[in-house]
Amino acid sequence: MGRTTRRRRPTGARRATSAAIALILGGGGLVAANVYASATEDGGGEPGQWANSAAATIDCPDVGSELTDVPEGARGDVDNELAALDGQTAEAYQRLQNSAQARQQDAGFAENAIMNPLKEKRAATIERIAIAIDRVGDRPEGLDSLASCTLRETGNDNGGDPNGGNQNGGDQNGGGAGQDQGDQQGQQGQQGQQGQQGQQGNGGQAGNGPVAADFADITSVQPGGQGAAQRQNASRGSFTTACGVNANGVFNSDNVIVAPGVSNGAHHFHDYVGNQANNAFASDEDLAAAETSCENQDDKSSYFWPVLRLQNGTVEQDANSPGGGIEGNAGEIVTPKEVTMTFVGSPRGEVVEMPRLLRIITGDAKAFVNGPANANASWSCTGFEDRQLKDKYPLCPDGSDVVRTFKFQSCWDGRNIDSANHRTHVAFAAADGSCPGGFRAIPQLVQRIVYDVDAPSLQDGGRTTPLFAVDSFPEQVHKPITDHGDFINVFDEGLMREMVDCINAGRECDAADLGGDQGNGGDQGDGGAGQDQDQPGGDQGDGGDQNQDGGQGQDQDQGQDPGQDQGQQPGDQQDQDQNQDQDKGQNQDQDQDQNQGEDGDAGEPTEKAGTPKTLASPKATQRERDEDAGQSGDDGKGDEAADRTPAGNIPSAAGAGQAGSPGSEGSTGSQSATGDLADTGAEMWPAVLGGVLALCGVVLLRRVRRGAIR
């Protein structure tokens, strides 16, 4: 395999990554890891063949994929039990990883102590699933045959080859010495213990991947073919919505689509952009009422995907937490350099509107053990995007960035916003662009995520330049084929109609230019110059505060509502009023002191057990507009307030873009127009004095006239 390495560049995107990590470390943040597999690797062999191998994983049948018809009344119980199955597999995999010595001493240890107990637990859980369905419908047949799991090869055993990722974690780039971030029990270990994991050949900071075999030189990949031919009546337009890069640092290890109501249902961490209230417990009403990081505030959709991590020895704050280090998800979370969400049409004809709250998952987080049938993510490099990888991470040439692409399903059954297995209500179009019988073409979401990361040094297992991988279930050992994306449609119905009209008419539209409340969002800036605004303690333009100085202006209520952008809570209204209504000549640093004194220490947010989140300061949008749409409905005072706001001191989403948002008292314009009593008196006294003088003049004039008459 060819290899191209490059010097690390101190770009704005990389600086923003460091800023986001610093905020994570200082704000009760999280960590995530990565788990992926090659579709070309063959598990092979007899059951138990890999019982004594360090490079073994646990392959369990996916019960959820078999449940295509679950009565509505049983959905909640079934989802909970399916999440329990995932937890059982993750726990068994952790025991497998921690029992290398015992397995070497006893050939039957893995089967007797791990696999048989796992089978018993799964059998009991599967029986509860069958009972739940039987209560309200027909009992499913054949589920009991899915209880048994097998041990299989991961492809990570390189026999001590340095390409196998013999990493100590603490040795990488001189960071994290003595930290055992890969300890599957979440305990702090000695460097020697982690070194032992590395010698097992599993690679990666957490000991379960990635390895050199998971990477491929993008220049060696053949360019792909053309898409489906477009008919004359094809819907050729496109619609783009900008929702930032998760500079806010919104993460959790939940999945409200697959495991609603279950904390840590994903067993790995997600980046979230768009809807800021997405966690396992978010109802449809919560999502509809939430803040959004999108420029057009009528797009409250939720877009989320597994985080990308550098295996560089960085110890994140979830190193000992579920979904993080406990489950093999370790290393520095990388903030994307750029995220683009584009909706495109159908080559066969017009598209119809997506139903509100439609859920779509694309790709398969368990593709390493399930096989590639539902795998759908693509990996490439900027400048080489005609070459796509499905089962490898790309090695990009110097000056080229890593690109992840998700093309979501574009056919809908016309009835359901979700299905029991979260797949059968939507479908991919055929090669010619046609939808299956009974399905309708809907706008296809194409998600493009760019990262400024360097090609890892495979010759030394990533010691010089670290390996990278995405988060996933621990038993999937960080293979790239398990990458996946999730989408919940929370577009305003009017904006969805505009999207469809735009696409069907063949136009190229930007959501930020269309109707709706054009707020700043809570997380704007797709890399580049805008990134530096979110660095903790960094200067925000002209000393602008507005809760954008990371670590300085963040409010204590950051931890009270982890899914919301900073500076958007009801308790911040007084801060906004005072910050925006200070006398023009005052130094903005006074606002900073005022925030600290009133809101407390922003570095200690609370966490909901099992679903930790980290929220950085919201980023102001870099887009300039002809009108101050963020001040809609403000009786004409918005422009005055905007004029009084210093450059770089742009209000956050709750103030600038969301008139009538929870806890608000109208638009920012009306807030800014109301000052305190001292300000009001200072503005009124000249008028009062003028009135007194005028009255005195009238009296004097009358006296003069009377004297003249006499």
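This table checks each residue for (1) more than 30 Å from LYS119 (Cβ to Cβ); (2) open to solvent by less than 70 Å² (accessible area, probe 1.4 Å); (3) modelled with pLDDT under 90.
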site: ASP157; (1), (2), (3): no, no, yes
site: GLY169; (1), (2), (3): yes, yes, yes
site: GLY182; (1), (2), (3): no, yes, yes
site: GLN199; (1), (2), (3): yes, no, yes
site: SER220; (1), (2), (3): yes, no, no
site: GLN226; (1), (2), (3): yes, no, yes
site: SER238; (1), (2), (3): yes, yes, no
Reported set for the range 343-401 where residues are of a type in the set (Gly, Ala, Ser) and under 30 Å from LEU287 (Cα atoms) is GLY345, SER346, GLY363, ALA365, ALA367, ALA375, ALA377, SER378
In the range 372-386, anything open to solvent by 20 Å² or more (accessible area, probe 1.4 Å) and touching a residue at least 40 places away in the same chain (Cβ under 8 Å) is listed as PRO372, ASN374, ALA375, ASN376, THR382, PHE384, ASP386
The residue from GLY530, GLY521 that alone is under 25 Å from GLU338 (Cα atoms), of a type outside the set (A, V, I, L, M), surrounded by fewer than 24 Cβ atoms within 10 Å (Cβ to Cβ) and modelled with pLDDT under 95 is GLY530
Taking the range 423-477 and the residues there that are in a loop (DSSP other than H, G, I, E, B) and acidic (Asp, Glu), the one that is surrounded by the most Cβ atoms within 10 Å (Cβ to Cβ) would be ASP471
In the range 394-408, residues that are open to solvent by 10 Å² or more (accessible area, probe 1.4 Å) and of a type outside the set (Asp, Glu) total 4
Yes or no: the range 410-422 includes at least one residue that is buried (at least 23 other Cβ atoms within 10 Å of the Cβ), assigned to a strand (DSSP E or B) and in contact with a helix residue (DSSP H, G or I) (Cβ under 8 Å, 6 or more places away or on another chain). no
Screening THR482, THR464 for residues that are of a type in the set (Val, Ile, Thr) and touching a Phe, Trp or Tyr at 6+ places or on another chain (Cβ under 6 Å) leaves only THR482
From the option list GLN88, GLN101, GLN94, single residue qualifying as touching a Lys or Arg at 6+ places or on another chain (Cβ under 6 Å) and either part of a helix (DSSP H, G or I) or surrounded by 18 or more Cβ atoms within 10 Å (Cβ to Cβ) (or both) is GLN88
The number of residues in the range 118-141 that are in contact with a helix residue (DSSP H, G or I) (Cβ under 9 Å, 6 or more places away or on another chain) and in contact (Cβ under 8 Å) with a residue 12 or more places away in the chain is 16
Residue hits (the range 104-141; open to solvent by 20 Å² or more (accessible area, probe 1.4 Å) and under 14 Å from GLU81 (Cβ atoms)) are LYS121, ALA123, ALA124, GLU127, ARG128, ILE131, ASP134, ARG135, PRO140
Quick check on ALA288: is it open to solvent by 10 Å² or more (accessible area, probe 1.4 Å), under 29 Å from TRP412 (Cβ atoms) and not in a loop (DSSP other than H, G, I, E, B)? yes
- Query: Hey, any hits in the range 353-368 for a residue that's open to solvent by 10 Å² or more (accessible area, probe 1.4 Å), without any contact (Cβ under 8 Å) to a residue 40 or more places away in the chain and of a type in the set (Gly, Ala, Ser)?
  - Reply: no
ASN112 meets each of (1) under 34 Å from the mean Cα position of the chain (by Cα); (2) not in a strand (DSSP E or B) with one exception, condition (1)
query = Within the range 318-336, is there a residue that is over 15 Å from ASP471 (Cα atoms) and crowded, with 24+ Cβ neighbours inside 10 Å?
reply = no
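The values are calculated or read from the model by the stated rules, or taken from the named source; none is laboratory data. Computed from a predicted structure; not experimentally measured. Don't worry about glycine lacking a Cβ; one is built from the backbone with ideal geometry, like all the others, and counts go over all protein chains shown. The protein model used for the area step is the full one, side chains on, heavy atoms only, and it has no ligands, DNA or RNA in it. Shrake-Rupley method; radii C 1.70, N 1.55, O 1.52, S 1.80 Å.
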